[in-house]
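The values are calculated or read from the model by the stated rules, or taken from the named source; none is laboratory data. The shown structure was predicted, so the numbers you read here are calculated from the model rather than taken from an experiment. Please note: Cβ atoms are built from the backbone with ideal geometry, for glycine as well, and neighbour counts cover all protein chains shown.
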Amino acid sequence: MPSLLLPRQTADSTFFGVLDLASDADLFLQGVLCAQFAHYVNANGRDSWLMKLFVAGLALLTTLKTAQILAIRWIQNVRLFENLEAISNLWHTQWISEPTILLEAIITFYVQVFFCHRLWTLSHNVYVVVVAMILFIFALAAASAATYFFTHIPLSTIWIAVHLVVAMGGYLLQTGSIVFYLLRHTKTVLHCGPTASILNSLLRLTIQSAAPGTVCALINFASTIVTVRLHPATLSGLSAPLVVAAVSNVMLPKLYAVAAMWTLNSREEIRSAAAINVRILTLERRRSITKDNVVH
């Protein structure tokens, strides 16, 4: 979270109250993810061991992220209680704060590899997939640089902005390509067949699951850019863009993880709905044929 940009002499408790709300949002999304993980275990036992390993890794990473957020909150609200000066230096003196951006980037990269695999399955277009992967790798490298220059606030902030814009560009390219190839496949199948129903459901799912993460990424990037520009003028006060950047960056990796699990857990439901639609169409055709025979 860009809270590492917090001015060292800031003594405004409002900022820390907002960060408490951000950690509450993280806990809520982790609860959603736990429900999704449990549903996956119960409903997708036939998946390959690689897919199960992916889900296990995602569960581990998101839990680690939540543990880090809770540790920071405990230090802020228990160990440094009523010591605003010490809290304002928390992001620079406590080692637990340093991997914040890197953890977010690792979870994001992990999820995007899954979606790149999905894009490859749909398109078999090596160029689009490779370009998206290059962008995600560069975004991860930028986050690593931001973590390396953690104590150099202006330089670290620039690398955070680079990480966000590159990751967002890769995500938009990836999501747009998935939508494009789903639409392309939809035009080549029978509109009343089960495949068309599955493709239409996947198209709606892709847009619905991608929307929250995309909006959050745009807000995060915009607020971080504003923070970079206003930083010299806000050394002695609370910056609203700084707060927005902190909250959105806490939520962003969890929203990506929710999108991935939403996609995985919707497969059986989509297949079942397609099978039901086929049965309904078959019955309607039989009734139509029966009526025609009676008339003749």
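Tabulated data
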item	result
Helices (runs of 4 or more DSSP H) lying entirely in region 31-138 (those with 1 or more residues that are at pLDDT 90 or above and of a type in the set (S, T, N, Q))	49-74, 100-123
Residue in region 266-274 that is crowded, with 19+ Cβ neighbours inside 10 Å and either at pLDDT 80 or above or within 27 Å of A22 (Cβ to Cβ) (or both) present	no
Condition check for F115: of a type in the set (F, W, Y), surrounded by fewer than 17 Cβ atoms within 10 Å (Cβ to Cβ) and within 24 Å of I219 (Cα to Cα)	no
Matching option when the condition is at pLDDT 85 or above, over 24 Å from W262 (Cβ atoms) and touching a Phe, Trp or Tyr at 6+ places or on another chain (Cβ under 9 Å), among T175, T147	T147
Matching residues, region 39-61, being touching a residue at least 24 places away in the same chain (Cβ under 8 Å) and either farther than 19 Å from C116 by Cβ or in contact with a Ser or Thr (Cβ under 9 Å, 6 or more places away or on another chain) (or both)	H39, Y40, A43, N44, A59
Long-range neighbours under 6 Å by Cβ, at least six apart or interchain, first residue hydroxyl-bearing (S, T, Y) within region 90-119, second modelled with pLDDT under 85 and assigned to a helix (DSSP H, G or I)	S97/W91
